[in-house]
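Pasting in a structure now, in structure tokens, and then I'll have a few things to ask.
The values are calculated or read from the model by the stated rules, or taken from the named source; none is laboratory data. Every value quoted in this text rests on a predicted model; they were computed, and no experiment measured them. Note that we place each Cβ from the backbone using ideal geometry, even for glycine, and neighbour counts take in every protein chain shown.
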């Protein structure tokens, strides 16, 4: 019996993340970068993961990865298939690479993230507390439009970072969000 494992390879010019398996037949290493629906190999497991919020959105992973790279002003990743593995390669910027440099000071990407930062205290807060301070009622909408973007851009951090669905999960502002909040007080 052959066992395949996930792998991460770090090189001077790139990082490669490999996962055993293959892309669904409906996708190629190029079409995965375009908006698409989800093609789960095991729909039952995928549905359970989606309902427990381990999956953010059906078929949205590659697009979210590309968007995160754009926000960090790094080249978008490439997908390839080799020897029964799907490999995602993240290129590292080298000296002399011409690209827009990230601004030296943080600024929230959306009005919702800005509202979240302005309404949070410097202490850890539960999701319900954060929703109340922002005047939100829909947990799913709040999570998608406030928490996920704020987390992805490093404005908030989890109390239990390796356990996103911890029953006592809480969030707090990061130093860069606190600095932005302090300098932008009205």
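Taking the criterion of being more than 29 Å from residue 66 (Cβ to Cβ), in contact with a strand residue (DSSP E or B) (Cβ under 9 Å, 6 or more places away or on another chain) and not assigned by TED's automatic domain parsing to the domain that holds residue 68, would at least one residue in segment 161-174 satisfy it?
Among the residues of segment 161-174, at least one is more than 29 Å from residue 66 (Cβ to Cβ), in contact with a strand residue (DSSP E or B) (Cβ under 9 Å, 6 or more places away or on another chain) and not assigned by TED's automatic domain parsing to the domain that holds residue 68, which makes the answer yes.
Among 157, 118, which is the only one that is in the same structural domain as residue 176 (by TED's automatic domain parsing) and touching a strand residue (DSSP E or B) at 6+ places or on another chain (Cβ under 7 Å)?
Within the list 157, 118, the selection yields 157.
Restricting attention to segment 151-158, does a residue exist that is in a helix (DSSP H, G or I) and at pLDDT 90 or above?
Yes, segment 151-158 contains at least one residue that is in a helix (DSSP H, G or I) and at pLDDT 90 or above.
Further, regarding this structure: If you go through segment 112-135 one residue at a time, do you hit one that is at pLDDT 85 or above and at positive phi?
Yes.
Looking at segment 69-84, I want the residues that are closer than 12 Å to residue 153 by Cα and have a partner that is surrounded by 14 or more Cβ atoms within 10 Å (Cβ to Cβ) with Cβ atoms under 8 Å, at least 6 apart or on another chain. Which pairs are those?
Listed pairs, sorted by first residue: 69/75; 69/76; 69/77; 69/90; 70/76; 71/109; 71/152; 71/153.
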